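Below is one structure; the comments refer to it alone.
The values are calculated or read from the model by the stated rules, or taken from the named source; none is laboratory data. Note that the coordinates shown come from a computational prediction; the quantities given were computed from them, not determined experimentally. Counting neighbours? That spans all protein chains shown, and the Cβs are built from the backbone with ideal geometry, glycine included.
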């Protein structure tokens with residue numbers, strides 16, 4: 001009998017890749033679907049799995065819909081990937097971010113506890129919780145110091161997961177994922193903003209790329225690799241928390257150089273620094289130590305930053321050839 005999984009945030013980047021992975025492993029995949037006006041299924045469609053998942057109407061802010069989703073899916077595994085996940089937006093919408101990203105995780109935990117406390121739970125935590133870093137390389141024991149409403153909300157969700165594990169005995173794990181990107185990343189995120197601009201500039205549709213702090217450093221990996229770590233966490237006998245990262249940090253500047261070089265251009269001819277894109281409180285550097293994930297899960301990243309950026313640029317070039325604009 002195949003396993004059943006419930007994914008919140010299934011229409012996002014990670015949700016789509018995770019759905020594809022679980023389907024390949026023979027799972028029956030259910031996804032929580034918050035109805036929106038725009039087409040939110042394009043990522044599932046692009047991966048060819050839109051028709052293979054069962055969508056259930058629901059919202060992270062409505063615990064009754066989460067209980068209903070649990071009762072309908074009867075999952076052995078629950079992956080909470082849903083969130084207001086854009087850091088920049090969290091300053092202009094801090095209360096929404098707190099409700100969806102923070103309280104929303106507690107709502108999912110409650111639904112699991114009420115309907116089936118034996119179901120295994122995964123929480124999508126984030127390196128943004130480290131914020132103003134307290135150690136050169138961040139691991140599971142590094143103190144947190146979030147620098148955005150998003151980081152604060154994710155920290156609430158993270159500690160709620162620990163609390164439900166310790167208070168109610170739930171098999172509840174958190175993946176503290178460092179930045180992970182893909183061709184399915186939204187254009188509001190800096191990596192996709194860069195690769196989309198590179199494609200448009202190469203095609204003569206755009207003349208410049210305006211960015212903020214290009215000396216910020218991030219530990220970037222491929223989302224398709226990272227969802228494998230999520231799944232591996234829920235296969236362990238004991239629940240725990242794991243940093244998932246490449247262990248290498250790169251500046252936004254260097255990432256731009258890689259992207260433009262891939263199409264034979266010099267980033268310095270096109271990148272313009274715009275103060276409008278600087279954050280109220282900047283996170284200057286993030287660098288993860290994935291030693292625990294390697295030892296405990298047997299997980300390691302497979303995709304280099306150069307391969308990832310090339311994949312994203314090529315994908316954006318193909319999209320332009322199809323759309324023409």
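A few notes on this one:
- Selection status of residue 97, surrounded by 23 or more Cβ atoms within 10 Å (Cβ to Cβ), in the same structural domain as residue 32 (by TED's automatic domain parsing), touching a helix residue (DSSP H, G or I) at 6+ places or on another chain (Cβ under 7 Å) and over 13 Å from residue 9 (Cα atoms): yes
- Residue-level analysis places residue 243 among those that are touching a helix residue (DSSP H, G or I) at 6+ places or on another chain (Cβ under 7 Å), assigned to a strand (DSSP E or B) and within 30 Å of residue 6 (Cβ to Cβ).
- Residues (assigned to a loop (DSSP other than H, G, I, E, B) and either in contact (Cβ under 8 Å) with a residue 60 or more places away in the chain or buried (at least 20 other Cβ atoms within 10 Å of the Cβ) (or both)) located in region 138-148: 139, 140, 144, 146, 147, 148
- Members of region 202-225 found to be in contact with a strand residue (DSSP E or B) (Cβ under 7 Å, 6 or more places away or on another chain) and not in a loop (DSSP other than H, G, I, E, B), listed by number: 209, 210, 211, 217, 218, 221, 222, 223
- Residues in region 265-302 that are without any contact (Cβ under 8 Å) to a residue 40 or more places away in the chain and surrounded by fewer than 12 Cβ atoms within 10 Å (Cβ to Cβ) were compared, and the one that is nearest to the chain's Cα centre (by Cα) is 295.
- Within region 303-325, the set of residues being assigned to a loop (DSSP other than H, G, I, E, B) and without any contact (Cβ under 8 Å) to a residue 60 or more places away in the chain comprises 304, 324.
- Scan of region 241-260 for residues that are surrounded by fewer than 18 Cβ atoms within 10 Å (Cβ to Cβ) and touching a strand residue (DSSP E or B) at 6+ places or on another chain (Cβ under 6 Å), ordered by number: 251
- Conditions (1) at pLDDT below 95; (2) surrounded by fewer than 24 Cβ atoms within 10 Å (Cβ to Cβ): number failed by residue 151: (2)
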